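This report refers to the structure that appears directly beneath it.
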Amino acid sequence: MNHGPASTVDGLSSDEEDKDLDGDSTTRRGTRPMLEQCSLAELSGELPLEMGPASSPDDAVTPSSGGAGRQEEKEGVFEIRDFTTASSFERISHQISLAAKRWFSALNAAEAQTSGDEGLLRREGFDHMEFRYELLFQIVQQTQQLVPTGASPKEDRLGLHAFPTRAHRLQRMFGVRHFLIVSVRNQNIDIDSARTVLGAAALAVRSCVQSCERPPLSVFVPVDGGRKRYLGELLRGGNRVLYSTDLQTSVNPALEHLAGLSDFFYKKMEIKPLDPSHTLMVGARFTYSADFFEPLASWRHVAQIAERKDADMNGTDQGAGVEVDPVESVKLHCLWPSFPLGSFVDDASFSELDPRAAPYWKVRVLRRDKTPLPLSQRLRALLDFRKEAQTVRSAEHSMQPQMPKTALESLTAAIQESLESILLPTPHEMMLLTEECMNFPIVPDGEATSFLGPLKGARLRDRLTRLAELGATLRCFKGTVVLWCNVLSRMRSQWDALEKPGPGSASPPTRRVGARGVRAELFDGSVCLVQQKMELLQRSVEECRSRLASLPTPSSSSSAPPPAQLRSSSTGESLRVPILLSPALLTEDVVVQRDTAAESINDLAERADSLHGRELRSDIAAFKDANPGAGLEDFLAYREDFEKLSLQPLPKDWLDGLWATVEARSAAEQQAKLFEPEREAEMALHYMENIEGTQLLLQLFRVLLRSTLQELSNRVSSAGGGPAYLRVLRDRAAAASLRAFGVGAQGPGSTSPEEDDLHMDAVATIVGEVAEFPHEEPLQGAMDAIEAFEAATRLACSLRGKMPDQVEALLEELLTDGEADVTDPMQRCALEKVFEKSRLLARAYHETHGGVASSSTIDAQGIFDALPLAKEFVLQLQEKDSELGSCGCRRLYAEVRERHMRLALGRGLQVA
């Protein structure tokens with residue numbers, strides 16, 4: 001295609017880039033090689049599509065034409081010698097016609113399924129002359145219009161639909177809902193080549209059969225990059241509409257108000273202003289922008305945590321407590337949808353278009369591109385450690401120095417040490433991280449049970465959760481293992497010294513399963529095995545400190561009086577409640593081990609003696625000591641009625657034998673203990689010190705996953721349950737996470753996991769299976785759901801920080817649609833204050849940074865006393881008793897900004 005100086009349409013030209021108010025498409029930039037030039041005369045002799053005079057036959061000359069051909073053209077001779085080979089114009093038109101037929105076929109199929117006017121989009125392409133032609137077909141869903149009661153909406157009438165948001169700019173500029181854009185990949189098409197391509201596309205679309213029930217298909221070709229200028233055409237029956245756009249780098253004072261635009265419109269359309277056969281309708285929209293806001297406070301310092309990967313970890317980071325605002329700007333649209341020309345005065349000296357009195361206000365939130373999501377980034381950082389974790393046989397083994405046996409192993413070890421010196425934190429930094437973990441309790445006081453129990457993580461604000469958060473900020477999994485080992489070393493020191501848990505720490509909860517028939521207590525099954533081992537270690541410390549503080553142990557004579565209903569079945573005397581030994585505390589791996597052993601024992605008496613013999617003998621001895629005249633029936637009634645334990649797992653014959661052989665002895669006199677804290681503490685430390693890398697990473701990931709979902713959920717429920725949209729995203733993220741780990745999804749009202757999901761970590765520990773992460777597809781699905789949840793939650797928090805309480809009712813629409821109608825006067829006043837505050841912040845910013853601020857947007861007293869970001873006008877001629885509809889439109893769209901203006905003109909002609 002021919003490329004020369006910048007061409008003009010209707011006397012307007014510009015190369016200035018501008019930011020679209022409602023669209024978000026990008027401008028293509030690239031080289032501009034010569035493309036083959038074709039003329040409409042090659043096919044049928046039709047005139048090129050332009051607003052001015054027709055092109056001459058010289059346009060049909062291709063770059064490959066020889067000297068003789070050029071001499072003939074100079075003499076005005078045009079001869080076709082080859083009638084068998086299709087020209088480039090015909091080939092392009094044929095390819096577009098095939099694509100258009102497929103598009104119409106897809107439209108018919110979609111309409112048959114949906115039975116409604118739904119928006120559809122289709123992209124196609126084809127290659128010609130070493131260039132890639134791209135086709136974009138789109139039909140936009142019908143937007144609600146303001147029409148009188150009982151009347152039907154007409155597409156040639158103005159209304160709220162004249163200023164659509166989040167729509168293609170062609171819809172706003174020309175009012176078209178059904179269009180085709182033909183472009184060339186990585187190429188800027190000049191004005192003459194655009195006319196040729198437009199002619200081929202218009203001819204191709206005209207050859208297709210279109211339904212009369214849907215809007216006709218308009219064709220557009222971008223000129224010089226596309227965002228600034230388009231050429232377009234619509235052919236239907238005997239009607240033809242020509243479209244053109246352009247952009248000026250300066251604003252003509254005569255065209256920045258309605259009076260001047262109406263005069264320009266009448267002159268351009270060559271019609272008389274006072275002609276009674278038509279009415280000029282006008283739509284207007286003033287747009288104001290708030291771009292400066294107060295910085296957001298750090299959200300539990302997650303921004304500081306996320307920055308530790310690339311910043312020095314010395315506690316001196318500047319600005320780490322400030323988050324990136326997900327809101328780039330807030331737009332306020334003041335609209336006058338439709339009114340006859342003359343209803344309002346708007347000229348160079350005075351304007352009655354007062355934004356405060358505009359009949360419609362719409363607020364719109366523009367999100368910042370690629371806003372960081374610190375919580376989701378931490379989860380993905382742990383997922384990146386999966387391959388490295390497979391090489392760690394145990395945490396303790398990875399900390400031991402390796403002795404290379406060969407020269408190659410020595411070289412490999414040296415390289416590994418060099419990399420670790422770069423990736424691992426310094427000893428001082430690691431000490432700070434360890435102290436930070438130790439400052440958090442194993443079980444925080446007052447933390448409620450999470451509805452995400454089946455994920456088997458940990459509790460918010462506990463030590464393991466903090467360790468997972470900090471471990472996710474390190475650059476390699478070896479750093480996480482080093483931090484883990486340092487924390488374990490400190491915990492072992494605390495165990496050796498029987499150090500009392502710090503402030504804010506609660507005793508780890510345990511629960512009794514009455515169906516098992518014994519008093520042995522299980523740790524919370526909604527936390528992972530590592531967390532259970534930590535809780536077992538703390539309970540061991542508490543038990544040892546309790547024994548040291550309570551010596552000598554009180555005798556059975558000091559037992560509390562029994563309830564009135566606990567009486568001997570033989571004598572009717574009241575029974576005394578015995579003081580029993582502290583029950584055994586079982587983590588889930590011990591439960592699995594005992595249940596596995598029980599399944600291998602067929603004899604019921606032998607099974608009961610193996611599992612419950614120690615506890616039953618101890619309890620019988622203590623009960624006999626407290627109640628010398630009681631019998632076995634009294635003991636069984638005590639266990640069933642007072643202790644709430646089932647008798648079904650205990651064979652009657654076996655119990656008879658125990659009762660007969662066990663002698664009376666108080667708990668203080670018994671040597672064997674049911675809970676041995678020294679043994680249990682060492683076993684818990686041994687498990688944590690020798691845990692495999694993948695098992696450790698898997699549990700840390702679940703801990704962080706659960707805490708992330710819980711923290712986001714707390715944000716949702718912080719204000720009366722939060723918007724429904726956030727609750728839906730929360731349920732989706734929770735369901736996807738539970739589904740990824742193969743457990744049943746539960747709602748916020750659930751407090752305990754299913755029995756089948758109780759031993760997720762213990763099976764791999766006892767059976768010897770290798771711990772594995774879920775499959776990639778469901779895991780990535782869960783991550784996508786969490787990212788969507790976090791993005792929406794952070795957006796809601798940002799909007800709450802900017803908007804007053806009066807605007808809380810708009811939050812739901814702003815989150816779901818990105819825009820909301822402002823109907824309440826109090827909401828309008830509140831929004832006006834938001835924009836005035838943003839203006840003051842903008843002034844302070846420019847004064848601080850020494851920039852030059854726009855006087856119209858900053859120095860004015862009020863937001864509406866200054867010029868808006870953009871003024872948009874739509875002028876559309878409505879013929880009385882016209883049957884042309886959208887094909888006979890005469891329309892002008894004008895967008896006026898401070899330094900440039902855009903005009904888009906649509907002119908309908910009747911050619912048949």
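The values are calculated or read from the model by the stated rules, or taken from the named source; none is laboratory data. Source: prediction; values computed, not measured. Positions of Cβ are backbone-derived with ideal geometry, glycine not excepted, and every protein chain shown enters the neighbour counts. Each accessible area value is taken on the protein alone, full model and side chains, heavy atoms only, with ligands, DNA and RNA left out. Shrake-Rupley method; radii C 1.70, N 1.55, O 1.52, S 1.80 Å.
Structure notes:
- Cross-link pairs LYS500/LYS644; LYS456/LYS500; LYS456/LYS652; LYS228/LYS837; LYS267/LYS331; LYS644/LYS673 - those with Cα-Cα distance over 30 Å: LYS500/LYS644; LYS456/LYS652; LYS228/LYS837; LYS267/LYS331
- Computing FRET efficiency as 1/(1 + (r/R0)^6) for GLU898 and VAL209, where r is the C-beta to C-beta distance and R0 is 51 Å, gives about 0.60.
- Where trypsin sites (Lys or Arg not before Pro) fall in DSSP loop in the stretch 565-662, at most 11 other Cβ within 10 Å: LYS644
- When you work out D = kT/(6 pi eta Rh) for the stretch 638-684 at 25 °C and 0.890 mPa s, using the Kirkwood radius from C-alpha pairs as Rh and the Stokes-Einstein form, the result is 179 µm²/s.
- A Förster distance of 30 Å, applied to the separation of the beta-carbon atoms of ILE422 and LEU383, puts the FRET efficiency at 0.85.
- Shape of the stretch 432-509, Cα gyration tensor, a/c cut at 1.5: oblate
- One quarter of the surface of the convex hull around the alpha-carbon atoms of the stretch 455-556 equals 9.1 nm², the direction-averaged projected area.
- Simple spin-label estimate for VAL324 and HIS128 gives 4.2 nm between the two label positions (7 Å along the Cα-to-Cβ direction from each Cα).
- Shown is the FRET efficiency for GLU643 and ASN690, computed with R0 = 41 Å from the Cβ-Cβ distance and rounded to the nearest 0.05: 0.65.
- Heavy-atom accessible area per residue - the stretch 408-547, 1.4 Å, Å²: 39 Å²
- Between THR823 and ASP656, the distance separating the two model label sites (each 7 Å from Cα on the Cα→Cβ line) works out to 8.1 nm.
- Model label sites at ASN108 and ARG91, defined 7 Å from Cα along the beta-carbon direction, differ in position by 3.0 nm.
- Each listed q (0.13, 0.19 Å⁻¹) maps to a log10 I(q)/I(0) for the stretch 585-643 from the Debye sum over equal C-alpha point scatterers, namely -0.46, -0.82.
- ³J(HN,Hα), Karplus 6.51/-1.76/1.60, whole Hz, each residue of the stretch 532-544, x for Gly, Pro: 4, 5, 5, 5, 4, 5, 5, 5, 5, 4, 4, 5, 5
- Modelled label reach - THR571, point 7 Å along Cα→Cβ, the stretch 590-631 residues with backbone N closer than 15 Å: 623-631
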